[in-house]
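Q: Okay, handing you the structure first.
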Amino acid sequence: MGKTIAEKILSDHSRIDAHAGDIVIADLDFMIGQDGTSGVAIDSFRKMSAKKVFDPKKIAIIIDHSSPSPNEGVSAIHKKIREFSKEQGILLYDIGCGVCHQLTPEQGHVVPGDLVIGADSHTCTYGAINVFSTGIGSTDLAAGMISGKLWFKVPETIKAVFVGKLPKGVYSKDLILNFIGKIGADGATYMALEIEGSTIDDLSVDARFTISNMAIECGAKAGLMKADKKVMEWVKGHSKRAPKPVEADKDAQYKKMVEIDVAKLEPQIAKPHTVDNVCSVSEVAGTPIQQGFIGTCTNGRLEDFQIAAKILKGEKVDPNCRLIIAPSSKDILLAMIKDGTYQTLLDAGAVAVTPGCGPCVGTHNGVPSDGENVISTANRNFKGRMGNPNAFIYLGSPATVAASVIEGKIADPRKYL
Amino acid sequence: MRGKAWKFGNNIDTDLIIPARYLNTHDPVELARHCMEDADPNWIKKTGKGDFIVGGDNFGCGSSREHAPIAIKAAGVSAVIARSFARIFYRNAINIGLPILESAKAAEEIKEGDQIEVELASGTIRDLTTGKSYQAQPFPEFMQKIIDAGGLIGYLKAKTA
């Protein structure tokens, strides 16, 4: 019987002929933690009476969620992480390096065919470069750090095929928001997604990361794509490791196959307070906005800021509105400075914060006030997500956020392009 | 285990269970103080030791933060019953030893305030208020071993001892 990408990678790493439903214990190629989850992982590591990690080169901790530290409680967690990293000789990306899900592929730690875990739910991001990567909790990370292995239930797979050319002003963010709106917040729970089609082929690797990043928002364990020529070139430019690309067999068994034509797709918005509460921008256009945010592991890459800068060039952020930007890594920040994107955004009135998660998770860098509306390029709009349960978060593409902050209300970006 | 049912809806996410703004500590007692705060700010004052949380679909969706099941356990909740659980929460709950039970019927029919009794070994849920009984989905054998050991730490310790 043919196999899906998930079945192949998990078979390969467990040396078992595994199919959906099987439980396997598999070797891990890389694993990450961040400052929100690694403190608990370090505690679990100690409670398991472990002395040494299995391989310090295959473990990275990234301080990105509350970075630099906003209070003494977080400072104590950061100190614990720094001391543990030094003691164990593992990789540490300290404040200002960037978001874990940008750094892990950008710094060349993962390549096609890998099996990767991360104590962060958006670890599924690297599916865009053909990596089976999935979010786990802190105790699983501790077990992985000690043994280099973890148990997995081999997931069933939903195949999503996207066809048609994305219209002007419509981006990969709109595509994935639309998909989540259709399938629902638990539409792919316990399952993997295989995402392909001519629309995906046309996208840059950066734009593909946006899609795989949000696989978890419909419950998926992984959001896998093929390693095409673009991926192979991208990986070659970022990593010295040898890729082992994996393709699904022609006769692979899928739980479900869906085909979606995006040729007529409009810019999409996820309304408060769930990611699957999706509509076209026209439905909510005019809603007053007090804060815009461009950044995160979903949409904080160079081309995201270039798109925003194109719209904001010569424009000003509405005086009743703020715009916060957080590049996803220091390399991205430097590239933005070099090509003038940074200057354009600052001239328009953007406020830049440290490369990292920025205000996405509500620990610092721009907590909205009661009753305020935020439009953000992040992946979640849960109640309280940005630090205030009485605020309202709308999600959209960088273009939609840029257009909205010019008007101080939710706006269709297409008129600016 | 026996206690009162507290009903929550569908898609109870980890930000509702424990907002990130409180993740400046790993102290379970401190985390419990803010458990479910953004879903119902008064719940932590009302809930009693041994009570049950009854959720709908996709309970625990969102972040990978293990603080979520830790906070629920430290709040004195004896088990979470739901129609379905999000994958990472499901795994984290098992790893830290918070009992979870998947039963669509129980999640639908149990009402807030009902007296509930659960037998974990058999997965039987009894609503003592209505007299109805429900059978939760059994766990795969491998997971049951982790649950029996009180979580992954206990399981690995027992294995290496």
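Q: Starting from the Cα of A:K80, draw a straight line to each of the aspartates and glutamates and keep only those under 13 Å, dropping any in the same chain fewer than 8 residues away.
A: A:D35, A:D43, A:E72, A:D94
Q: Label B:E109 and B:K7 with points 7 Å out from Cα along Cα→Cβ: what is the distance between them in nm?
A: 1.4 nm
Q: On to the next question. Hey, what number do you get for chain B at 222 nm if only DSSP H runs of n ≥ 4 count, each worth -39500 (n - 2.57), divided across all residues, to the nearest 500?
A: It lands at -8000 deg cm²/dmol.
Q: Then there's this: For the protein assembly as shown, what is the charge dipole size about the Cα centre, in debye to the nearest 20, if Lys and Arg each add +1 at the Cβ and Asp and Glu each add -1 at the Cβ?
A: Roughly 780 debye for the protein assembly as shown.
Q: Further, regarding this structure: How crowded by other chains is B:85-95, given as the mean number of beta carbons from other chains within 10 Å of each beta carbon?
A: 6
Q: Which entries of B:K4/B:K132; A:K316/A:K415; B:K45/B:K105; A:K149/A:K244; A:K47/B:K45 have Cα-Cα distances beyond 24 Å here?
A: B:K45/B:K105; A:K47/B:K45, as the Cα separations exceed 24 Å there.
Q: More than 22 Å apart: what percent of Cα pairs in segment A:5-259 qualify?
A: Counting pairs separated by more than 22 Å, the tail of P(r) holds 53 percent.
Q: Can you show me the helix-derived [θ] at 222 nm for chain A, built from DSSP H runs with n ≥ 4 at -39,500 (n - 2.57) apiece and divided by the number of residues, rounded to the nearest 500.
A: So the helix-based figure for chain A works out to -9000 deg cm²/dmol.
Q: Using unit Cβ charges (K, R positive; D, E negative) and no other charged atoms, how large, in debye to the nearest 20, is the dipole of segment A:269-416 about its Cα centre?
A: With only Lys, Arg, Asp and Glu charged at Cβ, the dipole is about 100 debye.
Q: Tell me the relative contact order for chain A as a rounded percent, counting alpha carbon contacts under 8 Å between residues six or more apart.
A: 18 percent
Q: At a 10 Å Cβ-Cβ cut-off, how would you order A:D318, B:D148, fewest neighbours first?
A: Taking fewest neighbouring Cβ atoms as first place, the list is B:D148, A:D318.
Q: Sticking with this one: Give the distance, in whole Å, between the Cα centre of segment A:126-197 and the Cα centre of segment A:343-417.
A: 24 Å
Q: If the label point is 7 Å along Cα→Cβ of A:M1, which residues in segment A:254-281 have backbone nitrogen under 18 Å from it?
A: Counting only backbone N, you get A:254-257.
Q: Sticking with this structure for a sec: Going by how many other beta carbons lie within 10 Å of each one, how would you line up B:L128, A:L115, A:L312, fewest first?
A: Fewest to most other Cβ atoms nearby, the residues stand as B:L128, A:L115, A:L312.
Q: Let me ask something else. Please compute P(r) over all alpha-carbon pairs of segment A:266-380, binned at 10 Å starting from zero, and give each bin as a whole-number percent.
A: Per 10 Å bin, starting at zero, the Cα-Cα P(r) for segment A:266-380 comes out as 14, 45, 35, 6 percent.
Q: Rounding to the nearest 20 debye, state how big the charge dipole of segment A:5-259 is about its Cα centre with +1 on each Lys and Arg Cβ and -1 on each Asp and Glu Cβ.
A: In debye, rounded to 20, segment A:5-259 gives about 420.
Q: Under a Cβ-Cβ cut-off of 12 Å, what is the net charge of the residues other than A:I77 that fall near it, where Lys and Arg count +1 and Asp and Glu count -1?
A: So the environment of A:I77 carries a net charge of -2.
Q: Right, here's the next one. Of A:K58/A:K240; A:K165/A:K255; A:K58/A:K173; B:K7/B:K49, which sit over 21 Å apart, Cα to Cα?
A: A:K165/A:K255; A:K58/A:K173
Q: Work from the charge dipole of the protein assembly as shown (Cβ charges, +1 for Lys and Arg, -1 for Asp and Glu, about the Cα centre) and give the residue of B:P19, A:I63, A:L334 farthest towards its positive end.
A: The listed residue farthest towards the positive side: A:I63.
Q: Could you put A:V205, A:V40, A:V401, A:V110 in order, starting from the residue whose Cβ has the fewest other Cβ atoms within 10 Å?
A: Ranked by crowding around the Cβ, least crowded first: A:V205, A:V40, A:V110, A:V401.
Q: Also, I was wondering about something else. Label A:K240 and A:S282 with points 7 Å out from Cα along Cα→Cβ: what is the distance between them in nm?
A: Spacing of the two 7 Å Cα→Cβ label points: 5.4 nm.
Q: On to the next question. When a/c is below 1.5 the answer is rounded, else prolate if a/b is larger than b/c, else oblate, so apply that to chain B with a ≥ b ≥ c taken from the square roots of the Cα gyration tensor eigenvalues.
A: oblate
Q: With the contact rule set at Cα under 8 Å and sequence spacing of 6 or more, what percent relative contact order holds for segment A:1-133?
A: In percent, rounded to a whole number, it is 28.
Q: Relative contact order for segment B:1-111 using alpha-carbon pairs under 8 Å, separation at least 6, rounded to a whole percent?
A: Relative CO of segment B:1-111 lands at 30 percent.
Q: State the answer as a single residue: which of A:L175, A:L103, A:V258 lies farthest towards the positive end of the charge dipole of segment A:5-259, with beta carbon charges of +1 for Lys and Arg and -1 for Asp and Glu, about the Cα centre.
A: Checked the options; the winner is A:L103.
Q: Where the centre of each part is set by its Cα atoms, how far does segment A:80-113 sit from segment B:101-161, in angstrom?
A: 37 Å
Q: Bin width 10 Å, alpha-carbon pairs only: give the P(r) of the protein assembly as shown as whole percents, running from 0 to the bin holding the largest distance.
A: The percentages, shortest bin first, are 4, 19, 30, 28, 15, 4, 0, 0.
Q: Straight-line reach from A:K383: which lysines fall under 16 Å, measuring Cα to Cα and dropping same-chain residues less than 8 apart?
A: Within reach: A:K271.
Q: Let me ask something additional. How much net charge surrounds A:N388 when only other residues with a Cβ under 10 Å from its Cβ are counted (Lys, Arg +1; Asp, Glu -1)?
A: Value of the local net charge: 0.
Q: What FRET efficiency, computed as 1/(1 + (r/R0)^6) with R0 = 35 Å and r the Cβ-Cβ distance, is obtained for A:D27 and B:W43, rounded to the nearest 0.05?
A: 0.25
Q: Here's something else I'd like to know. Answer with one residue from A:P155, A:M225, A:T134: the one whose Cα lies farthest towards the positive end of the charge dipole of segment A:5-259, charges on Cβ with Lys, Arg +1 and Asp, Glu -1.
A: Sorting the options by dipole projection puts first A:T134.
Q: Describe numerically, in nm with one decimal, the distance between label points set 7 Å from Cα along Cα→Cβ at A:F54 and at A:K310.
A: Each label point lies 7 Å from its Cα, and together they span 4.4 nm.
Q: Something else: Excluding A:I146 itself, calculate the net charge of residues whose Cβ lies under 10 Å from the Cβ of A:I146, where each Lys or Arg counts +1 and each Asp or Glu counts -1.
A: Around A:I146, the surrounding residues sum to +3.
Bear in mind these aren't lab numbers, they're just calculated from the coordinates by the rules spelled out. Quick caveat: nothing in here was measured; it's all calculated off a predicted structure. With ideal geometry, Cβ positions are generated from the backbone for all residues, glycine too; neighbour counts draw on all protein chains shown.
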